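Read through the structure below, which is laid out as C-alpha cells, and then see the notes.
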Amino acid sequence: MVQRMLKSVVGIALACAFGGPAIAQDSKVADELAKYREALADGNPADLLEAKGEGLWAEKRGPKKASLEQCDMGLGPGKLEGAYAQLPRYFKDTGKVMDVESRLVHCMVTLQGFTQAEVTRQWFSKPGTESDIEALVTFIGAKSNGMKINVPATHPEEAKMAKMGEYIFYRRSGPQDFSCSICHGQEGKRIRLQELGNLTTKDGAGFAMKTWPSYRVSQGAVWTMQRRLIDCMRQARWPEPNYLADSIIALETYLQKTATGTVMETPGIKR
Amino acid sequence: MNLKFALFGALSLALTTPAVAQKSVEAPGGKYAKDAEQMFRASFRADNPKYWMTRLDQDETMKTCQQYRDNPPRPIGQKLEKLNAATIRYPVDGKLIGDWKEGEKLAAVGTGGHIGFIQPDPPGRVRGGNCYACHELAKKEVAYGTIGPSLHHFGKIRGNSDEIIKYAYDKIYNSNAFTACTNMPRFGLHSWLTPEQITHIVAFLMDPESPVNKD
C-alpha cells in the first residue's frame, strides 16, 4: 500500500512537471496542486471504502443469502486478482460485453437474488447515503492495483464495442458543439488549470484510466468509471445516459483498449 | 429550407468526389457507425424532456466534423464555413461593441445549461461564455485554459478597426464561419449567448480600458 501511494505521488509530480507549457506562473500553480495531492495521498479516503467493499463481497446477503465469492468477473468464479484490469470483456453467459459495474450488478442479481432496481438504486453515493456499488467496485479495482490494463478487444463483440466507443468519443452535439475529443483529443492542453489527457494515445488514456475508481476531493466521494463518464456527458450539456448503458460500456472499452499496457494505480485520488 | 437542401447536395457531391491527395482517415466507428448511433440514442431514460433530447441532434456541421475527426478536407471545410457564415445575426441597433465590464463577467462564468436528473443547474442559472476555460485574457486571471490561443492584448495588438470588431463578433457568434470543426462552440448560433451579450465580450476584447488590453 505504501509503495502504491509512493508511486502515485511520484506519478502525479511527474505528470505536473511534464504537463503544461512551462510558464513560471503555471508551474507554480501546478506545484501547489501536486503538494495538495501528495498530502491527500497519504490517507486516501477510498481505502476505507475498499475495506467496506471487501466486507460486502464476503457477506451473505439478499433473498438468496449468498455472498459474491462465486461471482465471475471474467477470470473465473471468485477470481478477482487482475479482473478489473481486463474489463470490459465479452461474457458468454449473458452474450454481452460487460464492464466491472454491469458484471457486478449481474452477480448481485443472479447470486444474491436482488432485483436490478434494488441494486442500482444507490449506484452512487450522496452526502449521508453510501453506495454499496461504490464500495464493491473500489474493492474489486484494488485487486488489480499494480497490474497492467489488458483489454485487447480481440473478441468480435469486444472489437465492435471499442469501435462504437470511438464513434461516441468523436460525436459532436449539443448547445456547445462538444465531443469528448474536443478536450481530450490533443496533447498538453488545460481547461482552466486542469490538465487534460489526450485519450486517443496509450499514455493519455492510461493516465486517465489507471487510477479509477478514484476519490474525488472536489466531490468528497469515490467515483466509479460509470459515474465519471456519465458526468462527462452532463458537463457536455447533454442528457445523461442511463447507469450501465451500453454507450458508457462502449466508451470504457475504447478507452481501456487504448490504455492497454498501463499499470493500474487504484484506488486513485483526484481533484 | 431550399438553401439547406442545396447546400446538403453540394456537400454530398463534395464527399463523393475522390479526395485530392488527402490521406483518408476512417470515420469514427468504422462499419459500426450506424449501430453506434442507434446504441447511443437508446441509452437515455424515456422520461427525458423532449427539449433535452434535441441536444443530441446533430446538424450538418456536427455530423461532418465527427466523420472527419474534426479535420475535414479543405473543400468540405470551406463549404461548412460558408454554411455557418450565413447564420450570423447582428443586434438590432447594429452596435457591435457593448460594455466590457459585462463582458468580463460573462468571460468568467462557466455555469449554466447543465441538464439531467443527477446534477442539473437550478432554473434560471446564468450562462456565460466561459472564455477563460480555454483562453488567456486579462493578465490578472491566472486560471485560464490553453485549448484556444491566448487573447491577451487582443485589441491592443490588432487595433480597433471595424473589420476586427466584426471579426471578433462573428467568431464568437459562429466560430465555424472561419474554421470548420474548431473546438470553439458556436455561441450565437445555439443562442447560448444573445447578440447583446456577444457585444459585451467583444468590448472586453477590444476596449482600451478593458483589462485584456492592460498590463
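The values are calculated or read from the model by the stated rules, or taken from the named source; none is laboratory data. A quick note: this is a predicted structure, and the numbers were derived from the prediction, not measured. Because the Cβ atoms are built from the backbone with ideal geometry, glycine has one as well, and the counts that use them run over all protein chains shown.
To keep it simple, each residue is scored yes or no on (1) assigned by TED's automatic domain parsing to the domain that holds A:E252; (2) under 18 Å from the mean Cα position of the chain (by Cα); (3) within 30 Å of A:A162 (Cβ to Cβ).
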{"residue": "A:L49", "(1), (2), (3)": "yes, yes, yes"}
{"residue": "A:L68", "(1), (2), (3)": "yes, no, yes"}
{"residue": "A:G82", "(1), (2), (3)": "yes, yes, yes"}
{"residue": "A:R103", "(1), (2), (3)": "yes, yes, yes"}
{"residue": "A:Q112", "(1), (2), (3)": "yes, no, no"}
{"residue": "A:R121", "(1), (2), (3)": "yes, no, no"}
{"residue": "A:P127", "(1), (2), (3)": "yes, no, no"}
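Filter the range B:167-200 for residues that are assigned to a helix (DSSP H, G or I), of a type in the set (A, V, I, L, M) and over 8 Å from the mean Cα position of the chain (by Cα) and give the result. Let's see the steps before the verdict.
Within the range B:167-200, the first condition is being assigned to a helix (DSSP H, G or I), and the residues that meet it are B:167-173, B:175-177, B:195-200.
Pick out the ones that are also of a type in the set (A, V, I, L, M) and you get B:168, B:172, B:177, B:198.
Across the range B:167-200, the qualifying residues are B:A168, B:A177, B:I198.
Restricting the range A:158-203 to residues that are within 8 Å of chain B (Cβ to nearest Cβ) and among the acidic types (D, E), which is nearest to B:R69 (Cα to Cα)?
A:E166
All but one of (1) at pLDDT below 95; (2) in contact with a His (Cβ under 9 Å, 6 or more places away or on another chain); (3) among the aliphatic types (A, V, I, L, M) hold for A:A22; which doesn't?
(2)
Read through the list (1) aromatic (F, W, Y); (2) closer than 20 Å to B:W192 by Cα; (3) within 12 Å of chain A (Cβ to nearest Cβ), then give the number of the only condition that B:Y90 fails.
(3)
Regarding B:A138, is this residue in contact with a Pro (Cβ under 6 Å, 6 or more places away or on another chain) and not basic (K, R)? Step through it out loud before you land on a result.
On the way: in contact with a Pro (Cβ under 6 Å, 6 or more places away or on another chain): yes; not basic (K, R): yes.
Yes.
Among the residues of the range A:186-196, write down those that are buried (at least 22 other Cβ atoms within 10 Å of the Cβ) and not charged (D, E, K, R).
The answer is A:L196, and nothing else.
If B:P75 meets every condition in (1) surrounded by fewer than 18 Cβ atoms within 10 Å (Cβ to Cβ); (2) under 21 Å from B:I198 (Cα atoms); (3) not hydrophobic (A, V, I, L, M, F, W, C) apart from one, which number is that one?
B:P75 satisfies all of (1) surrounded by fewer than 18 Cβ atoms within 10 Å (Cβ to Cβ); (2) under 21 Å from B:I198 (Cα atoms); (3) not hydrophobic (A, V, I, L, M, F, W, C) except (2).
Between residues in the range B:53-71 that are facing another protein chain (nearest Cβ under 9 Å) and at positive phi and residues that are among the hydroxyl-bearing types (S, T, Y) and assigned to a helix (DSSP H, G or I), which pairs lie under 6 Å by C-beta distance while being six or more apart or on different chains?
If the second residue must be among the hydroxyl-bearing types (S, T, Y) and assigned to a helix (DSSP H, G or I), the pairs left are B:R69/A:Y170.
Working only within the range B:132-144, note down all residues that are under 18 Å from B:L193 (Cβ atoms) and within 11 Å of chain A (Cβ to nearest Cβ).
Within the range B:132-144, the subset under 18 Å from B:L193 (Cβ atoms) is B:132-135, B:137.
Across the range B:132-144, the qualifying residues are B:Y132, B:A133, B:C134, B:H135.
Run B:K105 past the list (1) more than 14 Å from every other protein chain (Cβ to nearest Cβ); (2) surrounded by fewer than 20 Cβ atoms within 10 Å (Cβ to Cβ); (3) within 30 Å of B:F204 (Cα to Cα); (4) touching a helix residue (DSSP H, G or I) at 6+ places or on another chain (Cβ under 7 Å) and report the number of the one that doesn't hold.
So B:K105 meets the others, but not (4).
From A:G220, A:G165, A:G204, which residue is surrounded by fewer than 20 Cβ atoms within 10 Å (Cβ to Cβ) and not polar (S, T, N, Q)? Talk me through it step by step, then tell me what you get.
Details: A:G165 fails: surrounded by fewer than 20 Cβ atoms within 10 Å (Cβ to Cβ); A:G204 fails: surrounded by fewer than 20 Cβ atoms within 10 Å (Cβ to Cβ).
From the options A:G220, A:G165, A:G204, the qualifying one is A:G220.
I'm checking my understanding of the structure. Among residues of the range B:176-197 that are aliphatic (A, V, I, L, M) and touching a residue at least 60 places away in the same chain (Cβ under 8 Å), which one is nearest to B:T64 (Cα to Cα)? If you could, list the steps in order and put the result at the bottom.
Just the residues of the range B:176-197 that are aliphatic (A, V, I, L, M), to begin with: B:177, B:180, B:184, B:189, B:193.
Cutting the leftovers down to touching a residue at least 60 places away in the same chain (Cβ under 8 Å) gives us B:177, B:180, B:189, B:193.
Working: B:A177: 14, B:A180: 10, B:L189: 17, B:L193: 24 Å.
Among residues in the range B:176-197 that are aliphatic (A, V, I, L, M) and touching a residue at least 60 places away in the same chain (Cβ under 8 Å), the one nearest to B:T64 (Cα to Cα) is B:A180.
Working only within the range A:238-249, note down all residues that are small (G, A, S) and more than 7 Å from chain B (Cβ to nearest Cβ).
Taking the range A:238-249 first, the residues small (G, A, S) are A:245, A:247.
Across the range A:238-249, there are no qualifying residues.
Being of a type outside the set (S, T, Y) and either assigned to a loop (DSSP other than H, G, I, E, B) or not assigned by TED's automatic domain parsing to the domain that holds B:G29 (or both) narrows it down to one residue among B:G77, B:G112; which is it?
Working: B:G77 fails: either assigned to a loop (DSSP other than H, G, I, E, B) or not assigned by TED's automatic domain parsing to the domain that holds B:G29 (or both).
Unique residue meeting the criteria: B:G112.
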